[in-house]
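The values are calculated or read from the model by the stated rules, or taken from the named source; none is laboratory data. Worth saying up front: this structure is predicted, and the values here are computed from it rather than measured. Don't worry about glycine lacking a Cβ; one is built from the backbone with ideal geometry, like all the others, and counts go over all protein chains shown. Side chains included, ligands, DNA and RNA excluded: accessible areas come from the protein's heavy atoms. Shrake-Rupley method; radii C 1.70, N 1.55, O 1.52, S 1.80 Å.
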Amino acid sequence: EARQVIFATALVVLAAKLAKADGVVSREEIVKFKSIFNIPESEISSVGAIFDEAKATADGFEPYAEQVAKLFRSTPAVLENLVGALFEIAKSDGWVHEAELRYLRKVSGIFGLDSNTFERISAQFAPGDSETDPYSILGMSSDASDRPRRHS
């Protein structure tokens, strides 16, 4: 249960600080946060209080990201999904702002995700914002054959 409380608190703080990263917390970001994380009605006021306090500034997110990274070090898919959810919040107001992209890149790094993983997630959630070569995202050479390999 302590692990769940730590994770939930960190999640709320990371989302709030992401929403503040571009200087403005939009209504769309709050609505997207609520829909992604499906906050129970009984928890709305306490989650709202944490969110409101955290959104005062985009600074100070690193300890929360580090806690989540420690909790899920052995399950990187959870960390990737969390970065994806944060991308959804970032783009909910129409686009991913450069400051939000920098924030997401830092969180991803703290989570221990490599740059190819980050670019893959970025391309999925903010396709127009990624200038990375799709072959490098897949970890392939651009001259790789599109013919299936035969196994002997």
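All conditions in (1) of a type in the set (Ser, Thr, Tyr); (2) open to solvent by 60 Å² or more (accessible area, probe 1.4 Å); (3) closer than 20 Å to Ala8 by Cβ hold for Ser115, with the sole exception of (3).
Being within 19 Å of Ile30 (Cα to Cα) and open to solvent by 50 Å² or more (accessible area, probe 1.4 Å) is the filter here; which residues of the stretch 65-83 pass it? Explain how you work it out, then say what you get.
So the first thing to find is which residues in the stretch 65-83 are within 19 Å of Ile30 (Cα to Cα), and the list is 81-83.
Asn81 - this is the single residue of the stretch 65-83 that is within 19 Å of Ile30 (Cα to Cα) and open to solvent by 50 Å² or more (accessible area, probe 1.4 Å).
Looking across the stretch 48-64, the residues that are open to solvent by 30 Å² or more (accessible area, probe 1.4 Å) and within 14 Å of the chain's Cα centre (by Cα) come down to Glu62, Tyr64.
Return a yes/no flag: does the stretch 24-46 have any residue that is under 14 Å from the mean Cα position of the chain (by Cα), within 14 Å of Phe87 (Cα to Cα), surrounded by 14 or more Cβ atoms within 10 Å (Cβ to Cβ) and β-branched (Val, Ile, Thr). Steps first, please.
Of the stretch 24-46, the ones under 14 Å from the mean Cα position of the chain (by Cα) are 29, 32-33, 36-37.
Retained after the next criterion (residues that are within 14 Å of Phe87 (Cα to Cα)): 29, 32-33, 36-37.
Applying the additional criterion that residues be surrounded by 14 or more Cβ atoms within 10 Å (Cβ to Cβ) yields 29, 32-33, 36-37.
Those still in the list that are β-branched (Val, Ile, Thr) too: 36.
Among the residues of the stretch 24-46, at least one is under 14 Å from the mean Cα position of the chain (by Cα), within 14 Å of Phe87 (Cα to Cα), surrounded by 14 or more Cβ atoms within 10 Å (Cβ to Cβ) and β-branched (Val, Ile, Thr), which makes the answer yes.
In the stretch 41-52, the residues that are free of Cβ contacts under 8 Å to residues at least 40 places away in the same chain form Cβ pairs under 9 Å with partners that are open to solvent by 90 Å² or more (accessible area, probe 1.4 Å), at six or more places apart or across chains, as follows: Ile44/Lys34; Val47/Lys34. If only residues of the stretch 84-100 that are hydrophobic (A, V, I, L, M, F, W, C) and open to solvent by less than 20 Å² (accessible area, probe 1.4 Å) are counted, the one that is farthest from the chain's Cα centre (by Cα) is Ala99.
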